[in-house]
Amino acid sequence: MIGASRTSRAALRESVNARFDGADAAALAADGQSLLSFSALMDHERSLRQTLADPAMNPGAKRGLLDRLLTGKMSAQALDIIAETVSSRWSNDRDLVDAMDEAGQSLLLMSAEKEGHLDRVEEEIFRFGRIVDSNPELQMALTNPAIAETQKAAIISELLTGRVDSLSQTLLQNVTAELHGRPVQNAIGDLSALAAQRRGRVVAEVRSAIPLSDEQAARLTSVLGRVHNRDVQLNVTVDPSIVGGLEVRVGDEVIDGTLSTRIEAARRRLTH
């Protein structure tokens, strides 16, 4: 996100975080579900999201529209968050949907934190992401736009029901149903990073030509922790195509030390 959307998303995060102290786990979970449901509605109804993201529309008119649509269908607190969000400025209407999705996910993660099982939820999301990474058939099934959302939800339910925390399942069903054009691996990775952030950690996505040893992983975690001054979770993907070296991504920052990149750079210098 850039420009207006980045500022508006930061304000939305503050509003969502402010809900933590004053609400119990059940209220946070209900509000999170409300925001996710409304985000899905905007995703499917182009005219609605364009209207609500239109900076020329009076905030009072937007609030009136939301009141007519949502009063009695969610808590006043959830409705206020939505109204505040659509009254902000967004660079485009897709950014509004993405930010609303993140807000709903955050409220559900806050609910898990209130109940004392955020650690479990984060671990389960991370482990499911690794399962998807290693299973091309599952990736295709969850990404294929021809497969209905209900079918995707059924796939997640079959895989996870009784095996993971109910909030983990809810979050994973939502994120796989609402990919917003992302590969399913990226969507789950974003959710995993959000859960880690809620625990005060950053996620480092690492690509390596071969698996890292425990010693190498520990050393890399230590170095990145000192750089970012926070605990670091490594998500390592083995990718033989990079030949050697590592690519490390933390948020928007990328450290590319792969041999394939160096070979390509040398090739370009020789041909120019």
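The values are calculated or read from the model by the stated rules, or taken from the named source; none is laboratory data. These numbers come from a predicted model, not from an experiment. Using ideal geometry, Cβ is built from the backbone for each residue, glycine included, and neighbour counts are taken over all protein chains shown. Surface accessibility is based on the protein's heavy atoms, side chains included, excluding ligands, DNA and RNA. Shrake-Rupley method; radii C 1.70, N 1.55, O 1.52, S 1.80 Å.
General observations
- The stretch 7-18, subset surrounded by fewer than 17 Cβ atoms within 10 Å (Cβ to Cβ) and touching a residue at least 24 places away in the same chain (Cβ under 8 Å), residue nearest to D98 (Cα to Cα): R13
- Subset of the stretch 195-208 that is in contact (Cβ under 8 Å) with a residue 24 or more places away in the chain and open to solvent by 20 Å² or more (accessible area, probe 1.4 Å) - its residue that is farthest from E113 (Cα to Cα): R207
- Residues located in the stretch 132-145, provided they are open to solvent by 90 Å² or more (accessible area, probe 1.4 Å) and hydrophobic (A, V, I, L, M, F, W, C): M140
- Among (1) open to solvent by less than 40 Å² (accessible area, probe 1.4 Å); (2) among the aliphatic types (A, V, I, L, M); (3) at pLDDT below 95; (4) in contact with a Leu (Cβ under 9 Å, 6 or more places away or on another chain) - the single one A78 does not satisfy: (3)
Yes/no per residue for (1) open to solvent by 50 Å² or more (accessible area, probe 1.4 Å); (2) within 18 Å of R9 (Cα to Cα):
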{"position": "F20", "(1), (2)": "no, yes"}
{"position": "Q33", "(1), (2)": "yes, no"}
{"position": "L36", "(1), (2)": "no, yes"}
{"position": "L41", "(1), (2)": "yes, no"}
{"position": "S47", "(1), (2)": "yes, no"}
{"position": "Q50", "(1), (2)": "yes, yes"}
{"position": "A56", "(1), (2)": "yes, no"}
{"position": "L66", "(1), (2)": "no, no"}
{"position": "L70", "(1), (2)": "no, no"}
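- Test result for T261, part of a helix (DSSP H, G or I), of a type outside the set (A, V, I, L, M) and at pLDDT below 80: yes
- Any hit, the stretch 227-235, residues being modelled with pLDDT of 85 or more, open to solvent by less than 90 Å² (accessible area, probe 1.4 Å) and of a type outside the set (D, E, K, R): no
- Number of residues in the stretch 164-176 that are under 22 Å from R9 (Cα atoms) and either in a loop (DSSP other than H, G, I, E, B) or open to solvent by 20 Å² or more (accessible area, probe 1.4 Å) (or both): the value is 1.
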